[in-house]
Amino acid sequence: MEKKIETLETFKTAISSTVKSIIGEQNIEVTYGNEVNKKNNKTINLPSLKNVNNINDYTKTRALADSEALKFKLSDLNVYNNFEPQGGMSKLFYAAAEKIRCEHIGSSYFKGIKKNLDYYYKAKSKAKIDYKNSDYEFLDAFEYYLRSGILDLNKDNNIENKYKKYKKKLDSKLKAKLKLLNNSLLDQKKFNSLISKLISQFKIDEITDSEQNEDSQKNSEDLNDKKKEENNESSKDNENNEMAIDASLPDIDQLSSEIDKEIETDEEDSISKANNKNKINKNFGDSKYKFYTQEFDEIILAEELENNEELLRLRKNLDQQLLSLKSFISKLANKLQRKLLAKQSRSWDFDLEEGSLDTSKLTRIIIDPLNSLSFKKEKDIKFKDTLVTVLIDNSGSMRGKPISVAAVCADILARTLERCSVKVEILGFTTKHWKGGQSREKWTNNQKPLFPGRLNDLRHIVYKSADTPWRQSKNNIGLMLKEGILKENIDGEALKWAYNKILRRKEERKILMVISDGAPVDDSTLSTNPSDFLENNLKQVVKWIEKNSSVELLAIGIGHDVTRYYDKAIKIADVQDLGDVMINQLTDLFSEDKKRVMH
């Protein structure tokens, strides 16, 4: 007996810890059955539990604890009360819908929660229940219908047959609105408004009142007369009830129409963006990615972060590292320049009947006046007007040798390509603070809403703009070596920024080169979201650019293989490796076969 109590108490402690973790607050009490906690109004009450060895009771408690915690965290009571419909049964339907909304959001982030809920609701639907009131059976059918449509569960034929008699009725009101409900899940106000209106259309409580009136009429002494009178009164009451319900709700038809228009516009925009490869894109195929706030983000010039004296000192530090590479830099610059200029060299077609006069052939006219004049025409140059954007990871993990390699790499690229009339811009990405900065402070002050998305202040740095000569910007590149600049790295949003920036340029050919040392990391964001939140976003952004854009994307991994993110990737362990890679691979970017995979 003592062992069972110990096991039960251990289980309850685990449930309590899970609930507090989901909600993000320690001052939450979990009670069971008739237990009452008068000291704390932040209480979640679960059914009484006596035996954790019963798998059904065990799973039910876990599922209900997850559900209640999500509702506590994600449902704003003021919004909920504002749209709650009239009538006892309608309120139960409304509560079930809001519960499903919260469960869907939680399930999309935590696989464990989804597993608990799936098991519990499947067992509940299969259980045989003696419904004393058909309204409660309709409530279970409504909940199953909504959960299947929103949570996209695998349908069970046995359960489908169980609620088959309600399917037509549910389809008539809900089927056309399931997409609209799905698109409103993250906006409680829109969801509650719409579901309240849909529930009122079932007229659940009005039907119950009408049935009670009919029962009372059967016991009347003057059946015919009273039927007429009471039917008339019932009709008036129903009209009054409908007016009362509608008066307590906002204009839902208008709101639904507006939501429909917004969704249609979003769909049209997404199709348009997919077809237009040079259009700035907002989500890059990752609709789940979000940020808590952008008000503290900044895009800043390197010279605004430090004074000229400090930038000059840092540049001298970088130059010291370049001294041992002087011969290599000259070799790279000369070889790359020869290859690029060869593609840019002028060539002519001769002995044409029209064009520019070929003066070299005039001697033929002097010797023999009967010879015709000879013309020449310059051939089209295949080498396109080109812009190369270098995007450098300025994270703390790059501190030391990696960031020195990146700075050297950027410096060499800028100097060499500029000699060949290829414009270069150098960008960096990091965050303004460790551990979240002002974004996290705002989130904390707002009761720490669940899954806030990116939770740090971005800092995107412009070291060299495309139209600024290297000599005027060279001191800025040394800023990468300054202690305190390098913090967290949120690669996905930085890549979006650089991509959207390069699209505004007029150059015909655009190359985006990313220099990084691995996966995106930001402790503040990853501690409040799924562990793969930032990495999945980077993969989605890279995939979208590679598939939908004319911008050529290349990554250089310093000490790390980044091929799991980018199709075209180079790994560099040292600056000397950079020499071999650059001479043999960088020039391949300017070959006619642009789709060649880089190794």
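All of the numbers you see were taken from the coordinates with simple rules; none came from a lab. In this text the structure is predicted, and so the values were computed from the model without any measurement. Positions of Cβ are generated from backbone atoms using ideal geometry, with glycine treated the same way; all protein chains shown enter the neighbour counts.
A compact table of results
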item: Exposure proxy order (Cβ contacts within 10 Å, fewest to most) of ILE204, ILE300; result: ILE300, ILE204
item: Length gained when the stretch ASN34-ARG471 is fully extended (0.36 nm per residue, less Cα-Cα span); result: 149.6 nm
item: Gain upon complete extension [ASN54, LEU185; 0.36 nm per residue less C-alpha separation]; result: 43.7 nm
item: Residue exposure sequence - SER356, SER439 - by fewest surrounding Cβ within 10 Å; result: SER356, SER439
item: Net charge over other residues, Cβ less than 12 angstrom from the Cβ of LEU92 (K, R count +1; D, E count -1); result: -4
item: Net length gained if the chain between LYS401 and ASN82 were fully extended (0.36 nm per residue, minus Cα distance); result: 109.0 nm
item: Distance between the stretch 466-503 and the stretch 74-92 - C-alpha centres, whole angstrom; result: 50 Å
item: Proxy reagent accessibility, fewest Cβ within 10 Å first, across ASP467, ASP491; result: ASP467, ASP491
item: At R0 = 60 Å, FRET efficiency that the Cβ-Cβ distance of ILE129 and LYS288 yields, to 0.05; result: 0.95
